[in-house]
Amino acid sequence: DNVLCMPLGRGPGTVEWGDPEDQGTPVCVFLFEVAMVLYHLGVQVNLKQYQLHQQTHHQNVFALEAARRQQVNEIFLKIYRDDANDAMRACTWLKARVQSDSKRALMFDSMVLALRVLETYEGTPAFAYLPQLLPENALQMFHALRRAEHSLDTTEGPWAEGCQLVVTWLVRHLDDPTIVNPDLPDLLLKSVSALVQQQAMLRCFEANHEAQAHLIPKVLSAFSTRTWVTTAKLLLLLLPDRNLGRDHAPVSSPLFRERFAAMVRSPSPVFGSKLSSVAVMDKFVAVLLNHLNWSISELREAVQELDGRVQARHRVAASSLQKCEMMFKLTCSLLRLLETVTELLPE
């Protein structure tokens with residue numbers, strides 16, 4: 001019962017996927033499973049270290065420039081400079097280990113193969129027994145390739161096909177009840193949120209038939225689950241608003257804005273749900289108002305508590321300030337979302 005090979009869903013019995021002692025199991029399936037585990041234990045760790053050293057390097061460079069402006073003692077400047085150089089050396093070494101052209105090509109092929117395996121078993125009883133490591137690794141490989149220094153063409157060629165595979169799988173399983181791990185739906189929503197903030201990837205979503213038909217309904221259905229905070233942020237990225245309180249307008253999609261409005265103006269059954277599009281929208285608005293009422297109540301209590309401590313001249317804890325800030329941002333997000341709903345669907 002290795003945690004790395006936990007199944008995606010819950011089936012009627014116990015099935016070992018890829019057991020080498022089973023003569024009926026192809027050797028290539030077992031080798032692919034081993035490769036996925038090794039990627040999780042090896043390459044993924046190096047990629048995370050690479051990102052961590054990159055952040056450390058940027059922080060040290062920023063601290064070094066600030067120290068120079070403040071004319072700090074040369075000893076402290078040398079410390080900042082040495083830290084920045086150490087982080088850069090670590091980044092360069094890890095980049096050579098995990099981001100060479102050949103390894104990027106292998107990572108891309110492994111990502112496509114993992115998605116093809118998931119696609120092959122979709123809708124069958126065997127899908128529940130596939131290890132959850134497959135979608136997790138596929139998404140991590142995709143984000144690693146996307147963040148690489150050499151940008152890949154998302155409009156044509158193999159990378160475009162890989163992008164469409166990822167987008168299709170993300171949309172299809174955003175609100176999948178067969179996935180029992182509660183962390184995986186949150187990972188899918190965060191992946192979609194990260195992708196739609198880039199203009200090129202947003203165009204991939206708009207060109208994908210699965211996303212055109214089912215992205216908005218599935219996101220609205222996911223709003224009533226434990227991932228409603230992430231879902232609210234995703235909706236604000238997909239649907240443009242009046243930019244109340246924003247420094248700049250985010251990337252948005254007129255296509256998904258129209259799809260959102262069409263759910264009520266052109267009612268239709270929602271794929272994978274027993275509810276109609278109007279029922280899904282009504283449920284979404286009810287949940288939105290409930291969450292908004294809760295967030296405003298929590299914000300009022302947090303502000304009153306903070307004001308009471310200030311009036312009594314007591315020390316204000318950092319946690320109280322953080323709670324006020326968090327509830328204020330959450331309330332603003334929900335208000336923006338409600339503003340968008342009332343503008344698109346005044347009825």
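The values are calculated or read from the model by the stated rules, or taken from the named source; none is laboratory data. All figures in this text were calculated on a predicted structure; none of them were measured in a lab. All Cβ positions, even for glycine, are placed from backbone atoms using ideal geometry, and neighbour counts span all protein chains on display. Surface accessibility is based on the protein's heavy atoms, side chains included, excluding ligands, DNA and RNA. Shrake-Rupley method; radii C 1.70, N 1.55, O 1.52, S 1.80 Å.
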Past 19 Å, Cα to Cα: identify those pairs from Lys48/Lys103; Lys48/Lys190; Lys48/Lys95, in the order given.
none
Considering every Cα-Cα pair within region 34-84, what fraction, in whole percent, is farther apart than 16 Å?
53 percent
Set the bar at 20 Å for Cα to Cα. Now go through Lys233/Lys329; Lys218/Lys329; Lys218/Lys283 and name every pair that lies beyond it.
Lys218/Lys329
Pair Ala207, Val72: separation of 7 Å Cα→Cβ label points (nm)
4.7 nm
Find the accessible area per residue for region 36-185; the probe is 1.4 Å, ligands and nucleic acids are left out, and the unit is Å².
54 Å²
Accessible area of region 116-239 belonging to carbon and sulfur atoms, whole % at 1.4 Å probe:
53 percent
What does the accessible area of Cys324 come to, in Å² to the nearest 10, when a probe of 1.4 Å is used?
20 Å²
Across bins of 10 angstrom width beginning at 0, how are the C-alpha pair distances of region 77-125 distributed, in whole percent?
22, 24, 21, 17, 11, 4, 1
So the carbon and sulfur contribution to the accessible area of region 274-346, 1.4 Å probe, in percent, is 58 percent
If you count only protein heavy atoms and use a 1.4 Å probe, how large is the accessible surface of Lys95, to the nearest 10 Å²?
70 Å²
